[in-house]
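Since every read-out is calculated from the coordinates, none of them should be taken as a lab result. The model shown is predicted, which means the values in this text are computed figures rather than measured ones. Please note: Cβ atoms are built from the backbone with ideal geometry, for glycine as well, and neighbour counts cover all protein chains shown.
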């Protein structure tokens with residue numbers, strides 16, 4: 001399979017390494033010095049079968065529209081834009097195309113999400129447990145909270161009727177009991193750590209995922225590209241996992 005990379009930083013380099021190990025070739029690269037949005041046509045992709053995009057939130061939506069216009073399958077790992085997900089859903093519904101997006105392509109994070117889904121029906125019946133989400137990333141990360149933290153928070157909001165809304169970042173007073181607190185830390189070179197805390201008066205449970213290498217995300221993104229080619233629609237990592245890939 002031939003791939004185009006949008007975003008050639010450390011994450012892009014990890015994707016290219018994993019792709020090569022799996023017999024794929026990177027035939028086009030785009031970054032701040034060679035913006036995808038300056039490309040005049042799909043020909044700039046040099047025959048790529050799919051795009052893997054780890055770029056920046058500011059251009060994510062315009063780039064996704066370009067992928068749909070060009071009818072090229074695209075795996076999008078850029079975060080910080082998903083408040084416009086309904087726009088992407090309408091775009092794909094109107095014009096076709098194939099987009100698979102995820103806030104985190106680590107299969108370990110996918111396991112954490114599935115574990116939470118299994119726990120939530122019981123937690124719903126145990127109101128003595130409060131819940132919160134915390135994430136830590138390197139100091140250069142552009143969005144806060146992380147897309148993965150928001151994804152975990154969405155699962156908790158969907159499964160716990162006692163939590164009705166998300167309350168991000170530092171609070172300078174008491175937090176409402178129906179608020180789900182989501183906090184962030186930016187420090188050094190942390191790849192990514194996500195913690196779901198369940199706290200009662202007598203004990204505390206933590207579900208933690210710590211990324212140790214960018215290759216964890218890269219492998220998931222390349223697997224997603226392999227799965228996406230030949231499909232049409234807007235997908236998430238859940239669709240890939242449910243398909244048994």
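Across the alpha-carbon set of the chain, the Rg to Rh ratio works out to 0.99, Rh being the Kirkwood radius. Of the residues 141, 163, 212, the one with the fewest other Cβ atoms within 10 Å heads the list, and the complete ranking is 212, 141, 163. Computed from Cα positions, the angle between helix 10-21 and the longest principal axis of the chain comes to roughly 60 degrees. With the Kirkwood sum run over all distinct C-alpha pairs, region 151-206 has a hydrodynamic radius of 12.9 Å.
Taking Cα atoms, how many degrees apart are the long axis of helix 215-228 and the longest axis of the chain, rounded to 10 and kept between 0 and 90? Helix 215-228 sits at roughly 60 degrees to that axis.
Each part gets one Cα centre, and for region 1-64 versus region 213-237 those centres are 13 Å apart. Counting every other Cβ atom within 10 Å of each residue's Cβ, 128, 33 order from fewest to most as 33, 128. In units of the compact-protein estimate 2.2 N^0.38 Å, region 30-89 shows a Cα radius of gyration of 1.06.
Whole-percent P(r), region 107-210, all Cα pairs, 10 Å bins from 0: 15, 49, 31, 6, 0. Rounded to whole Å, the principal axis extents of the Cα atoms in region 83-166 read 47, 34, 25, largest first.
Taking the longest Cα principal axis of the chain as reference, the axis of helix 57-70 is set at about 50 degrees.
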